[in-house]
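This report concerns only the one structure given below.
The values are calculated or read from the model by the stated rules, or taken from the named source; none is laboratory data. Because the structure is predicted, anything quoted here is derived from the model rather than measured. Note that we place each Cβ from the backbone using ideal geometry, even for glycine, and neighbour counts take in every protein chain shown.
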Amino acid sequence: MATASSDTASTRIAPEFIAALDKFELSTLENEPGAVYALDRDLRLCYFNPAWFRFARDNNGEPAISARFTLGTPLEAAISGPLQPFYLDAYAQVLRDGTPWQHDYECSSDTVLRRFNQRSYPLANRAAVIVINSLTVEQPHPAPDAAGAAPDESLYRNSHGLLVQCSHCRRVERAVQPGHWDWVPAWVAAQPPRTSHSLCQPCYDYYYRFRHATPPATS
Ligand SMILES: [Zn+2]
């Protein structure tokens, strides 16, 4: 069970964030299996989804994560070292330009190599940037010459034998965990046979559902 300190909405969701949310349904972010957080226009943390805390717990990051990353914390206080200017610049640019940005990063433990794909989306009103993290799935133990090899297809082929790929972000849905989309570089480079296309919920929200959202204010 979640602890009261990490999973009550009042410690995860700033009221200003709810008021500003114009490109996603809150339920989309809440239900996203990957860790999601948001930063307001001053790059202060203003939202965490439940998966953020699940990931922290699963990686023995709690209760330290909940203590260090609280609503209102400036990003520059939450990230240290050389990554700090990297992310400050990147998210500031997303808000300034009003265009999404993505990159890949590694977050390995002592025993597990893990890479992630991160996509950052500015709200139309530029009041916040939403950051969605997805697991990057490759062969579990790639040989040096097999980098980028695809994972076990059986985990992704549905009962009709189809792979379901988001036509926008190209993540692939897990067959056994619908709604859980992984980033599989090998299947972007070369699409496997019998791949069907759909839209993941964040892409549907951001690129289609709210297409009539108010354009960004000019100033
Ligand atoms: Zn998508």
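Annotations
- For segment 45-66, the tally of residues that are under 21 Å from residue 134 (Cβ atoms) and in a helix (DSSP H, G or I) stands at 10.
- Sole exception among (1) within 25 Å of residue 43 (Cα to Cα); (2) within 16 Å of the ligand (Cβ to nearest atom); (3) at pLDDT below 95; (4) not aromatic (Phe, Trp, Tyr) for residue 178, by number: (1)
- Selection count where residues are loosely packed, with under 13 Cβ neighbours inside 10 Å and polar (S, T, N, Q), scope segment 42-91: 2
- Hey, residue 39 part of a strand (DSSP E or B), in contact with a strand residue (DSSP E or B) (Cβ under 8 Å, 6 or more places away or on another chain), surrounded by 15 or more Cβ atoms within 10 Å (Cβ to Cβ) and at pLDDT 95 or above or not: yes
- Residue in segment 143-160 that is under 19 Å from the mean Cα position of the chain (by Cα), at pLDDT 95 or above and either outside the structural domain of residue 125 (by TED's automatic domain parsing) or exposed (fewer than 13 other Cβ atoms within 10 Å of the Cβ) (or both) present: no
- Screening 17, 69, 86 for residues that are without any contact (Cβ under 8 Å) to a residue 12 or more places away in the chain and not charged (D, E, K, R) leaves exactly one candidate, 86.
- Test result for residue 186, farther than 21 Å from residue 100 by Cβ, outside any strand (DSSP E or B), in contact with a helix residue (DSSP H, G or I) (Cβ under 9 Å, 6 or more places away or on another chain) and at pLDDT below 95: no
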